[in-house]
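Report on the structure given below.
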Amino acid sequence: MEKMRRVPQLIRHIIFTLLLISPLAFSWKKDEFRNCNQTPFCKRARSRKSGSCNLTAADVSISDDGDLIAKLIQKTPETDAINKPLLLSISVYQDGTLRLKIDEDPSLNPPKKRFEVPDVVVDDFLNKKLYLQRLTEEKIDGDSGVSSVIYLDNEYEGVLRHDPFEVFVRQKENKKRVLSINSHGLFDFEQLRQKSEGEDWEEKFRGHTDSRPYGPQSISFDVSFYGADFVYGIPEHATSLALKPTKGPGVEDDYSEPYRLFNLDVFEYLHESPFGLYGSIPFIISHGNCRGSSGFFWLNAAEMQIDVLGKGWNAGEDKIMMPSDEKRIDTLWMSEAGVVDAFFFIGPGPKDVVRQYTSVTGRPSMPQLFATAYHQCRWNYRDEEDVYNVDSKFDEHDIPYDVLWLDIEHTDGKRYFTWDKLLFPNPEEMQSKLAAKGRHMVTIVDPHIKRDDSYHIHKEASENGYYVKDATGKDFDGWCWPGSSSYIDMVNPQIRSWWGGKFSYDNYVGSTPSLYIWNDMNEPSVFNGPEVTMPRDALHHGGVEHRELHNAYGYYFHMATSDGLVKRGDGKDRPFVLSRAFFPGSQRYGAVWTGDNTAEWDQLRVSVPMILTLGLTGMSFSGADVGGFFGNPETELLVRWYQVGAYYPFFRAHAHHDTKRREPWLFGERNTELISEAIRTRYIYLPYFYTLFREANTSGTPVMRPLWMEFPDDEETYSNDEAFMVGNSLLVQGIYIAQTKQVSVYLPGEQSWYDMRTGTAYKGGKRYKLDVSEESIPSFQRAGTIVPRKDRSRRSSTQMENDPYTLVIALNSTQEAEGELYMDDGKSFEFLKGAYIHRRFTFSNGVLTSSSASAIAGENKYSTDCTVERILLLGGSSRSKSVLVEPSNEKVGIELGPLRLQGGQSPSVLTIRKPKVRIADDWSIKIL
């Protein structure tokens, strides 16, 4: 029967290959995707010279809504140019954010309304708008005309330069610029118009034709970041954390193309390339020792290309409109369609910029506790027997895990929301057996719907007009895993609501409360489409062309799925949804991963900057497939990947169905021990990770951070993306080369760092060559921090709920430290009503104090009887022999104890055992 079932799959694969030949990319083939020269809007924009912008600002005033408004008009109209004025508005919001919008004037009857991306900017941000009362005028840089200056906050102001047109933010006191747009006069806005007789707007690429019914409608402009040493952001690309120049003298061959933002299904992507992958966030954050951090975000869902301009990129060009001797990084932003809806973030620190950006697009959602633990996935676990066997093997080898995943083969013929009745005849019982151990299951639900009249999802969608249409107005029909497929039009809120209802237990038969969802292929992937995606002239709700919203399609699919899970649980259960495609705001709906990586050392290496970049742009809950999706990792690589992956915010192993099985116990006893120890490390630090996820949920600050986010004045950290911070307390250095015996580790700052395995102290501000063993990768706790742990090994995070805590105190040079712990029920939304515990721990003058970190009293209380089992003192005096615990007024001894309870030999450190205090209470422990 198994062989018989594989036959239709093989036939489909052959049909795909024969029909599609080259567009179906099973590995990276450069010529299957467009470059800038094959993309007319990019080619046009990139060829423009500095000073070519011909616009001036006129009729500048303050509107009734409290915005600065103006018209942008051509100074010297060109014969073939459209001379209709553009409308400009500048709004100011709390926390120092300036919003610039430029669009066509609707009163002048353009052929259609240009698309503005809905449902990304959150209401809380819109409610924080400041109503401008006045604007002042002054002359800038020797201009003959005036510029309009507006209030931004107490230290910064916004400036609209009238002629030549420019918008920038500057410091009030010294008038130094922070961010600017059109300082080089590269702004261009192709207005919509009627086609002239004989004019051909069609574009062709590899046998595909884009009808382009509205013709050229691209926008491009330059953005400058002042005082910047490096710029970061604009995921998703497999490249270094610091963005490399793509235009100008000395550009590397591999970086001669702009960074592309166009969501694509890319198989086996290159580990070093500016080519766009599965998601797009058009947000750049700059950093430098001179002026701190700033950020720029363009809310636009069309294809975008961004050049980072190297020094001397404009040598010999005239009409440079800004002081040329000022340290800065220039960039060129180019998009196929849309409007200018841009946000300037003034920082001044990196955490400030991320907070400001996520105040616009939303804070990351608070995940359930189980989702922050270890996930086991494969394409595919064959049947229920396979699931039970894998589950039991984790127990047999005493390896914790929380989630088992099922890929597309679990369905009835790739019909989502169904089960293969031969392979998975009892899905509810299967999930219940896992749930009895505190474990969960995730199944895949993709956006392509099999065109089969007997399939209820297709029947409803077809009858109700819920599919994306092709350029002729018929339901779009493309090829994906099921064969002939159509795609739900997720842009329509009513259709999203319908889709969300499909996750109810009545509709998704066989699902249970312990089942969660994985959205894959939602770029959207179309095997026989141009560049393996949907044609740009496909039509969505409201007549919006796919080209205008392509990068947001997966975002709306992710949103609808997440909302569906919330609806399924009557609003009481936090959703977990993993998405491959993403867009600004995706952080509000769940996790993402870096897609179809490969079992190579270079792919392990690049996973770190990719995840760091996602964190900087709001996507705190992200990870990479541990071991690599494609290929068979050598055992050493797999072990090293687990050791790094244990610190990813999203920790999942995943593999292609053509790879050898690679569950943790399949590589010999010693390697099983090493992988188990890496996984247990994650479980030990779950209280710390969960606390960091709450920090991300409230401030946007990522869980996994670049070193310079914690050490913004240390220039040696600015381009370091081999090491990373987990929160503000832990530093991790990956091993990215086979058979490494020594590794160079830079430990920033003035304070010491304590090796998390040995307790050895290393002075900060220095680079060390450290011996490494197979047992672990270098990891350190920062002096001056207190980290909460749970050291007992269980089957899953759920079974750790009542376990006691360990507090690891790493003392700094003044014998002080501080840290926090956040906890709630781990699953519901009651924390939003104050049902949580947030503790602050401080050590000073020989006293450890626990106090509440929150003054908010909620409607409901969360309580726990968990105690503190051990307190470890790194850097403490060995002369101390006992402590006094208050308010119980009891003495407890100080002794030597293991740094870790498990994991073989562990060095001894100063330990306070069983101080008999509850983790949720106020107390103090004084060293005598």
- Message: Take S882 and tell me if it is polar (S, T, N, Q) and either touching a Gly at 6+ places or on another chain (Cβ under 6 Å) or under 18 Å from Y690 (Cβ atoms) (or both).
- Response: yes
- With segment 191-234 as the region, which strands (runs of 3 or more DSSP E) entirely inside it contain at least 1 residues that are out of contact with any Gly (no Cβ under 8 Å at 6 or more places or on another chain) and among the β-branched types (V, I, T)? 208-210, 219-226, 230-233
- Kindly check whether there is at least one residue in segment 67-76 that is at pLDDT below 95 and either crowded, with 17+ Cβ neighbours inside 10 Å or of a type in the set (V, I, T) (or both). yes
- Task: Please enumerate the residues belonging to segment 797-842 that are open to solvent by less than 10 Å² (accessible area, probe 1.4 Å), of a type in the set (S, T, N, Q) and out of contact with any helix residue (DSSP H, G or I) (no Cβ under 6 Å at 6 or more places or on another chain).
- Result: T806
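Conditions tested, residue by residue: (1) assigned to a helix (DSSP H, G or I); (2) under 21 Å from A373 (Cβ atoms); (3) open to solvent by 10 Å² or more (accessible area, probe 1.4 Å).
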{"site": "L549", "(1), (2), (3)": "yes, no, no"}
{"site": "Y555", "(1), (2), (3)": "yes, no, no"}
{"site": "D563", "(1), (2), (3)": "yes, no, yes"}
{"site": "D570", "(1), (2), (3)": "no, no, yes"}
{"site": "F582", "(1), (2), (3)": "no, no, no"}
{"site": "V592", "(1), (2), (3)": "no, yes, no"}
- Would a scan of segment 227-236 turn up a residue that is at positive phi, surrounded by fewer than 18 Cβ atoms within 10 Å (Cβ to Cβ) and in contact with an Asp or Glu (Cβ under 9 Å, 6 or more places away or on another chain)? no
- Message: Name the residue that is surrounded by the most Cβ atoms within 10 Å (Cβ to Cβ), counting only residues in segment 882-915 that are part of a strand (DSSP E or B) and among the hydroxyl-bearing types (S, T, Y).
- Response: T911
- How many residues of segment 825-840 are touching a residue at least 60 places away in the same chain (Cβ under 8 Å) and under 24 Å from the mean Cα position of the chain (by Cα)? The answer is 5
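Yes/no matrix, rows are residues, columns are (1) out of contact with any Asp or Glu (no Cβ under 9 Å at 6 or more places or on another chain); (2) of a type in the set (D, E, K, R); (3) modelled with pLDDT under 95; (4) open to solvent by 10 Å² or more (accessible area, probe 1.4 Å):
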| residue | (1), (2), (3), (4) |
| --- | --- |
| R670 | no, yes, no, yes |
| E677 | no, yes, no, yes |
| L692 | yes, no, no, no |
| E710 | yes, yes, no, yes |
- If you go through segment 257-271 one residue at a time, how many are open to solvent by 10 Å² or more (accessible area, probe 1.4 Å) and either of a type in the set (K, R) or closer than 21 Å to H184 by Cα (or both)? 1
- Query: When segment 161-189 is examined, which residues are found to be among the aliphatic types (A, V, I, L, M) and assigned to a strand (DSSP E or B)?
  - Reply: V167, V169, V178, L179, I181
- segment 455-470 residues that are in contact (Cβ under 8 Å) with a residue 12 or more places away in the chain and small (G, A, S), paired with ones that are open to solvent by less than 40 Å² (accessible area, probe 1.4 Å) and not in a strand (DSSP E or B) (beta carbon under 7 Å, 6 or more apart): none
- Hey, among the residues in segment 237-256 that are part of a loop (DSSP other than H, G, I, E, B) and out of contact with any strand residue (DSSP E or B) (no Cβ under 9 Å at 6 or more places or on another chain), which one's surrounded by the fewest Cβ atoms within 10 Å (Cβ to Cβ)? G250
- Conditions (1) open to solvent by 10 Å² or more (accessible area, probe 1.4 Å); (2) under 18 Å from the mean Cα position of the chain (by Cα): number failed by F296: (1)
- Residue count for segment 720-754, restricted to those that are touching a helix residue (DSSP H, G or I) at 6+ places or on another chain (Cβ under 9 Å), open to solvent by 10 Å² or more (accessible area, probe 1.4 Å), among the hydroxyl-bearing types (S, T, Y) and assigned to a loop (DSSP other than H, G, I, E, B): 2
- Can you spot a residue in segment 272-292 that is open to solvent by 50 Å² or more (accessible area, probe 1.4 Å), free of Cβ contacts under 8 Å to residues at least 60 places away in the same chain and of a type in the set (D, E, K, R)? no
- segment 332-388, residues that are in a loop (DSSP other than H, G, I, E, B), among the charged types (D, E, K, R) and surrounded by fewer than 21 Cβ atoms within 10 Å (Cβ to Cβ): R363, R382, D383
- Given the structure, is E774 modelled with pLDDT of 95 or more, part of a loop (DSSP other than H, G, I, E, B) and farther than 28 Å from N697 by Cα? yes
- Task: Looking only at segment 392-399, decide whether some residue is among the β-branched types (V, I, T) and in contact (Cβ under 8 Å) with a residue 40 or more places away in the chain.
- Result: yes
- Item | Selection from segment 614-638 of residues that are assigned to a helix (DSSP H, G or I) and open to solvent by less than 10 Å² (accessible area, probe 1.4 Å) | L614, G615, L616, L637, L638
- Test: D395 is out of contact with any Pro (no Cβ under 6 Å at 6 or more places or on another chain), under 24 Å from G627 (Cβ atoms) and either among the acidic types (D, E) or not in a strand (DSSP E or B) (or both): yes
- Message: Being modelled with pLDDT of 95 or more, more than 13 Å from S620 (Cβ to Cβ) and acidic (D, E) is true for just one of D341, D325. Which residue is that?
- Response: D341
- Message: I need a count of the residues in segment 787-819 that are hydrophobic (A, V, I, L, M, F, W, C), more than 23 Å from P367 (Cβ to Cβ) and assigned to a strand (DSSP E or B).
- Response: 5
- Of residues in segment 119-136 being in contact (Cβ under 8 Å) with a residue 60 or more places away in the chain and closer than 23 Å to Y556 by Cβ, the one surrounded by the fewest Cβ atoms within 10 Å (Cβ to Cβ): D124
- Message: Go through segment 877-907 and report how many residues are of a type outside the set (D, E, K, R) and within 39 Å of the chain's Cα centre (by Cα).
- Response: 9
- Sort out which residues of segment 211-226 are crowded, with 19+ Cβ neighbours inside 10 Å and within 26 Å of E548 (Cα to Cα), and write them in order of number. R212, Y214, Q217, S218, I219, S220, F221, D222, V223, S224
- Message: Out of everything in segment 497-530 that is within 14 Å of D446 (Cα to Cα) and open to solvent by 10 Å² or more (accessible area, probe 1.4 Å), what residue ends up being farthest from the chain's Cα centre (by Cα)?
- Response: K502
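The values are calculated or read from the model by the stated rules, or taken from the named source; none is laboratory data. Just so you know, these numbers come straight off a predicted model, no measurement behind them. Backbone-built Cβ (ideal geometry, glycine too); neighbour counts: all protein chains shown. All accessible areas refer to the heavy atoms of the entire protein, side chains included, with ligands and DNA or RNA removed. Shrake-Rupley method; radii C 1.70, N 1.55, O 1.52, S 1.80 Å.
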